[in-house]
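Since the structure comes first, as structure tokens, the remarks are kept for the end.
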Number of protein chains: 2
Amino acid sequence: MPEPRWLAPHEAEIWSTYRRLSRELQRAQDQQLQRDSGISAADYALLAPLSESEGGVLRARDLGAEVGWERSRLSHQISRMEKRGLVAREACEDDARGAMVRLTEKGRETIEAAAPGHAETVRRLFFDPLNPDEVGTLGMFLKRIMAAVEGRGESPAP
Amino acid sequence: MPEPRWLAPHEAEIWSTYRRLSRELQRAQDQQLQRDSGISAADYALLAPLSESEGGVLRARDLGAEVGWERSRLSHQISRMEKRGLVAREACEDDARGAMVRLTEKGRETIEAAAPGHAETVRRLFFDPLNPDEVGTLGMFLKRIMAAVEGRGESPAP
């Protein structure tokens with residue numbers, strides 16, 4: 001096994017900032033959604049792909065893949081949203097084992113009312129601090145890191 | 001209220017990459033820690049600041065602030081780790097209401113065994129895809145976004 005390489009001090013600082021940012025950005029979105037729309041970030045995460053899907057309906061497994069959640073987390077969240085009338089579970093026509101999740105009329109009204117404030121928050125916190133060139137550079141960095149995480153890493157520019 | 005500004009398509013793509021990266025990077029760290037050290041990322045998150053503190057002991061509230069968790073999440077996680085002998089709860093000498101959390105000998109051995117593999121994973125996935133200049137640039141971007149999230153935003157370079 002090769003010698004482990006520790007993080008250099010400036011890397012440890014950047015890594016710490018990244019982790020703190022992930023957490024605080026999530027918290028800021030949650031607070032904005034709760035305050036302005038009475039929904040959680042988890043509600044929003046499921047409502048958004050449903051509202052963009054054809055007919056407002058997705059297989060539960062596709063919805064789970066979209067948000068990257070384990071099955072039990074997804075199932076609990078759908079149950080909570082079903083009780084509040086935001087989504088409805090349906091049997092899948094082609095597959096007895098597959099459940100479908102459908103956006104209700106109330107669910108659609110909720111996401112449509114919440115979306116502008118959410119977009120405004122993301123813009124203000126994540127994009128406005130950077131100029132357009134910097135936004136492009138950040139996007140390139142994130143893509144390269146994502147490729148490494150997915151095991152298809154490329155070498156950095158020399 | 002000003003007109004909401006939607007995300008431009010390239011921004012929506014970057015935002016989606018960022019969210020996916022947050023999730024997948026967390027998952028990759030969790031898998032590596034579970035596989036190589038038999039601990040979770042949540043275990044690691046608490047063991048690391050304890051191991052760096054003087055005497056291996058911290059007030060529970062300071063530990064919670066360090067990781068940014070709600071009190072109930074912190075308390076459950078400490079209970080699980082206490083059962084496995086990684087940490088011990090103690091009363092606080094100066095403050096009857098304050099609980100202290102102490103790293104046990106087993107906890108210290110666990111974090112010391114886990115740290116090199118964890119650092120190696122962070123390095124390989126997060127830093128190796130970028131060259132040294134790019135790492136510095138990413139650090140600057142993250143700091144500026146963090147400042148906006150903390151409500152002390154600065155303007156981007158023109």
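Quick one: compute the contact order of the range A:1-95, relative version, from alpha carbon pairs under 8 angstrom and 6+ residues apart, as a percent. All intermediate terms of the calculation are to be shown ahead of the outcome.
Numbers: 29 pairs, mean separation 13.8, N = 95.
Over the range A:1-95, the number comes to 15 percent.
How far, in nm to one decimal, is B:Pro49 from itself in the other copies if the label point is set 7 angstrom along Cα toward Cβ? Shortest first, please.
Here B:Pro49 shows inter-copy label distances of 3.2 nm.
Smallest Cβ-to-axis distance in chain B, for the rotation taking B to A: which residue, how many Å?
Closest to the rotation axis on chain B: B:Ser22, 2.
Of chain B, which part is the longest with no trypsin sites (Lys or Arg not before Pro) in a loop (DSSP not H, G, I, E, B) and with at most 16 other C-beta atoms within 10 angstrom?
Longest run free of exposed loop sites: B:6-83.
Report A:Phe127's accessible area, 1.4 Å probe, all protein chains in place, as a number in Å² to the nearest 10.
10
If I compute solvent accessible area with a 1.4 Å probe over the protein chains, what percent of it on the protein assembly as shown is carbon and sulfur? Walk me through the numbers on the way to the answer.
Working: 8670 of 17500 Å².
Whole-percent figure for carbon plus sulfur exposure: 50.
Only Cα pairs within less than 10 Å get springs; with that Gaussian network setup on chain A, which residue of A:Glu54, A:Glu134, A:Glu13 has the largest fluctuation?
Maximum fluctuation in the GNM of chain A, among the listed residues, is at A:Glu13.
I want to verify a result. In a Gaussian network model of chain A, Cα cutoff 10 Å, which of these has the top mean-square fluctuation: A:Asp133, A:Asp36, A:Asp62?
Looking only at A:Asp133, A:Asp36, A:Asp62, the largest GNM fluctuation is found for A:Asp133.
Test of understanding: express the Cα radius of gyration of the range B:51-121 as a ratio to 2.2 N^0.38 Å, with N the residue count.
On the way: Rg = 12.6 Å, N = 71, 2.2 N^0.38 = 11.1 Å.
In units of the globular-protein estimate, the range B:51-121 measures up at 1.14.
For B:Arg108 and A:Ser16, what does the FRET efficiency come to when R0 = 22 Å and r is the distance between their Cβ atoms, rounded to the nearest 0.05?
With R0 = 22 Å, the Cβ-Cβ based efficiency is 0.55.
Quick one: P(r) of the protein assembly as shown from all Cα-Cα pairs, 20 Å bins, percents rounded to integers, in order of increasing distance.
Final binned percentages: 27, 56, 17, 0.
Taking a cut-off of 27 Å between Cα atoms, list the lysines near B:Lys143, but don't count ones fewer than 8 places away on the same chain.
Straight-distance partners of B:Lys143: A:Lys143.
Round to the nearest 10 and report in Å² the accessible area of B:Ser22, as given by a 1.4 Å probe over the protein chains' heavy atoms.
We get 30 Å² for B:Ser22.
Given Cβ point charges of +1 (Lys, Arg) and -1 (Asp, Glu) and nothing else, what value in debye, to the nearest 20, does the dipole of the protein assembly as shown about its Cα centre take? Numbers along the way, then the final one.
Values: 46 positive and 52 negative charges, 181 e Å.
In total the dipole reaches around 860 debye.
The values are calculated or read from the model by the stated rules, or taken from the named source; none is laboratory data. From a predicted model like this one, the values you see are computed outputs, not experimental measurements. As a convention, Cβ positions derive from the backbone with ideal geometry for all residues, glycine included, and neighbour counts pool all protein chains shown. Surface accessibility is based on the protein's heavy atoms, side chains included, excluding ligands, DNA and RNA. Shrake-Rupley method; radii C 1.70, N 1.55, O 1.52, S 1.80 Å.
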